[in-house]
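The structure under discussion appears below in the form of structure tokens.
The values are calculated or read from the model by the stated rules, or taken from the named source; none is laboratory data. Everything quoted here is computed from the prediction, not taken from an experiment. Every residue, glycine as well, gets a Cβ built from its backbone with ideal geometry; the counts of neighbours run over all protein chains shown.
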Amino acid sequence: MSEQAMRPGAKGGTEAAGLPGNESLIPQPHLRKSFSEAHLDFDKQGGLVPAVVQDHRTREVLMVGFMNPEAWEKTVRTGLVTFWSRTRQTLWTKGETSGNSLRVRRLWIDCDSDTVLAEVDPKGPTCHTGARSCFFEEIVDA
């Protein structure tokens, strides 16, 4: 059954909203749904939704991949993040060949139901380069 609670911040505390001086708190809805209640909109982007993968302890963004309905279902069923490979046109579970898996801790769907956020326990480096995260190129003149 769905439940809704209003809470400030993203982690259940009273985190500041990031405004100058942190003088304001912005309420953050927190809806809890079962897999059968959660409906992702795969139609908006040709049958795929982006899946942002984040380390649940550090909050660091590790990678972004894409899920189709089968990848979403397998991720929920197995507890291991599974993607749809756009180049190989097949499902792939992160770590199935390298051993560097992503164990799901929590799954979130955004307000438009067209993006997934997976909070994970990473086992080993996430990036195929051997880096902890795929995001290591900073644009300095932005």
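Some observations on this one:
The rows are residues; the columns are (1) out of contact with any Leu (no Cβ under 8 Å at 6 or more places or on another chain); (2) of a type in the set (Lys, Arg); (3) in a loop (DSSP other than H, G, I, E, B).
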residue	(1), (2), (3)
84	no, no, no
100	yes, no, yes
117	no, no, no
124	yes, no, yes
134	no, no, yes
140	yes, no, yes
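- Comparison of 103, 77 shows that the only residue that is within 22 Å of residue 125 (Cβ to Cβ) and of a type in the set (Lys, Arg) is 103.
- Residue within the range 7-19 that is touching a His at 6+ places or on another chain (Cβ under 8 Å), at pLDDT below 95 and not in a loop (DSSP other than H, G, I, E, B) present: yes
- Pair list, Cβ < 6 Å and 6+ apart or interchain, from the range 48-65 residues that are closer than 17 Å to residue 125 by Cβ to residues that are hydroxyl-bearing (Ser, Thr, Tyr): 60/133; 62/126; 62/133; 63/126
- Output for the range 72-88, where each listed residue is surrounded by fewer than 17 Cβ atoms within 10 Å (Cβ to Cβ) and under 19 Å from residue 34 (Cβ atoms): 73, 76, 77, 78, 79
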